[in-house]
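A.B. asks: Here you go, one structure.
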Amino acid sequence: MKPGFRHFNIKLNLLFCLLLLYVFSSAQEEKTVRDLNLWTEVKLEKKIVKGLYLSAGQHLRLFKDFTQVDDYITELELEYKINKNFTLGAAGRYTKNRHYDDIVENDYRYDFYLGYDGKLSPKTKLYYRFKYQKEFYGSGVFDPHLHYYETTFRNRIKIGWELNDNHRFYSSAEIFRLSKKSREPFFDKYRIFIGDDILTGFGEFDLAAGLDHELNTKNPCTCFILKVVYKISL
């Protein structure tokens, strides 16, 4: 079997397994909401000084089986690479968010994160990220006494494998722990992705398929996600 066909077959099998997991997890509860989502982003990144990077991203997300716009997201991010293993970052974003009941609101979020990456082997890397985020719903005023907000702690583990100079396959798993006024902190959802970072002469593409599944709720939503990200380094 040719190497190219073998790697394509591996990716096809992984995608098939992911689809089976989606169907299985969705069938576990009679009232589970199932949906297909498309997440797209165009991202511009600029090196400010050594180790410090500024990026701007514009997201468009579709839901209800790709038939309606879910979110318009504008995001600014500042990232500093402390050394070859550790990274610090901060970001802010605005989201025009449409809910399943078609109510539209303006949401604002800021977050801080600490990242780690290290080699497991010459071609395999381990990534870990802890992120703290706070999101305010329906208002542009960051006042917790006047407006509804939620705080989330996110832990993500990612394994990357370098096939060659152009393709870097990866799988990731992330758990979300949510804190809000109405209840004690709880695990809100998990998210998994299988993807390929593709390096080209005109930018970098991140193509992935994933699952986002809600936890500890009466009618959980399970979303199968197709993700397409295009990044340009200026």
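A short reminder: the numbers here are calculations on the coordinates, not readings from a lab. Quantities reported herein were computed from a predicted structural model and do not represent experimental measurements. Cβ coordinates were reconstructed from backbone atoms using ideal geometry, including for glycine residues, and neighbour counts include every protein chain displayed.
A.B. asks: Taking the beta-carbon count within 10 Å as an exposure proxy, list Val33, Val49 from fewest neighbours to most.
C.D. replies: By the 10 Å Cβ count, ascending: Val49, Val33.
A.B. asks: Let me ask you something else. Tell me, Asp107, Asp101 in order of fewest to most beta-carbon neighbours within 10 Å?
C.D. replies: Final ranking by Cβ density, sparse to dense: Asp101, Asp107.
A.B. asks: Within the set Lys47/Lys134; Lys81/Lys231; Lys47/Lys189; Lys46/Lys180; Lys50/Lys189, which residue pairs have Cα atoms separated by over 28 Å?
C.D. replies: Lys47/Lys189; Lys46/Lys180; Lys50/Lys189
A.B. asks: Next question. As an exercise, use a Förster radius of 25 Å and the Cβ-Cβ distance of Lys84 and His167 to find the FRET efficiency, rounded to the nearest 0.05.
C.D. replies: Result of the calculation: an efficiency of 0.65.
A.B. asks: Taking other Cβ within 10 Å of each residue's Cβ, how do Arg183, Arg34 sort, fewest first?
C.D. replies: Arg183, Arg34
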